[in-house]
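The values are calculated or read from the model by the stated rules, or taken from the named source; none is laboratory data. No experiment lies behind these values; they were computed from the predicted model shown. Using ideal geometry, Cβ is built from the backbone for each residue, glycine included, and neighbour counts are taken over all protein chains shown. Each accessible area value is taken on the protein alone, full model and side chains, heavy atoms only, with ligands, DNA and RNA left out. Shrake-Rupley method; radii C 1.70, N 1.55, O 1.52, S 1.80 Å.
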Amino acid sequence: MNLRNLSLRVATDAPPVEGPRVVWRSSRETTRGTQEALGACDVKSYQAAVVTSEKLIGDNNLRAIGFLEMGLRLSKAVCLVEVSGFGSGTGFIVAPGLVLTNNHVLPTLDLAKRARMRFNYEEDLNGRLKPSQYFLGDATSFFVTNATLDYSVVAVRGFPELQYGVIPISPVVVPSLGARVNIIQHPSAGPKQIAMVDNEVEYVDDMIAQYLTDTLPGSSGAPVFDDDWHLVALHHSGGWLASPSDNSTHFRNEGILRGAILKDLASRGLARGV
């Protein structure tokens, strides 16, 4: 049997209530039928008609399939950071044995000692939770924090990077105005999600970026990526925020640029290897 010429006709035993039966045909048959319907035997004219009927609407939203694969790969290093009796946020592995999150998620050494990181806390294709894994913080070994830049880096026991990988914090990439930024996060301390639409950068300077990408409480400490999956910022707040350029207020979300964090770590002699 020549599969190219195979037609699969779908029908039920009962007569249809209205309309014709659904008919699937091969691409060759469909093309021939369309040409006949157009009364055109000139293949070049037909192909030209098809090409001119496809348009980009506004911005180019096309992405290579590899875009999804890279996002999934990096998402493995994102975790839920839990502190019993205090709260939770999002964090991610930035170097072997080190997790980055917000200062307001882990503000003190005492709280950092009580932290645990939940990895693979996400749903499968059927909406069922995957098996997740906890790793305990090891703040006694390493803990550094900066309230002004709202970041904390804490050591983690158990080598989670061997299973979940690393999101490198260097080199520095600064997002431009109008660029799109995607955030992988644990909103409301729930399973991992991603925000990647309506996500334009509205303001950027040497320390912060403000953007329209959606977040919720619990998203604090999430990685902010550009459309090439470079880490550009550490998400930390949202709401009616002042634009430092003119003190006007806008309903936006905000992240600390990774360049500002790296500069602070370097001033402490800690940026090497992060």
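Return the loop-located chymotrypsin sites (Phe, Trp or Tyr not before Pro) in region 124-192 (DSSP other than H, G, I, E, B) with at most 16 other Cβ atoms within 10 Å of their own Cβ; answer none if there are none. Can you show the working numbers first?
Working: sites: 134, 135, 142, 143, 151, 164; in loops: 142.
Here the sparse-neighbourhood loop sites are 142.
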Checklist outcome for this item: residue 249 and residue 268 label points (each 7 Å along its Cα→Cβ direction) are spaced in nm at 3.3
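Against the 2.2 N^0.38 Å scaling, with N counting residues, where does region 148-274 land? I'd like the Cα-based Rg ratio to two decimal places.
On the way: Rg = 14.5 Å, N = 127, 2.2 N^0.38 = 13.9 Å.
Taking the Cα Rg and dividing by 2.2 N^0.38 Å, one obtains 1.05.
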Next on the checklist: Need one value: the accessible area of residue 249 in square angstrom, 1.4 angstrom probe, rounded to the nearest 10.
Outcome noted: 80
Next on the checklist: Classify region 82-122 from the C-alpha gyration tensor, please: rounded if a/c falls under 1.5, else prolate or oblate depending on whether a/b exceeds b/c.
Outcome noted: oblate
Checklist outcome for this item: Restricting to lysines and to Cα separations under 24 Å from residue 130, and discarding same-chain partners fewer than 8 apart, the set is 76, 192
Checklist entry - Which order do 117, 70 take by accessible area at a 1.4 Å probe, largest first? => result 70, 117
Item to check | Low-density loop positions, trypsin sites (Lys or Arg not before Pro), region 69-167 - DSSP coil, at most 10 other Cβ in 10 Å | outcome: 128
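As a test of reading the structure, rank 192, 130 by solvent-accessible area (1.4 Å probe, protein chains only), most first. Let's see the in-between values first.
Details: 192 30, 130 65 Å².
Output order, biggest surface exposure first: 130, 192.
As a test of reading the structure, rank 150, 228, 205 by solvent-accessible area (1.4 Å probe, protein chains only), most first.
228, 205, 150
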Checklist outcome for this item: The aspartates and glutamates whose Cα lies under 14 Å from the Cα of residue 113, excluding any fewer than 8 residues away in the same chain, are 82, 138
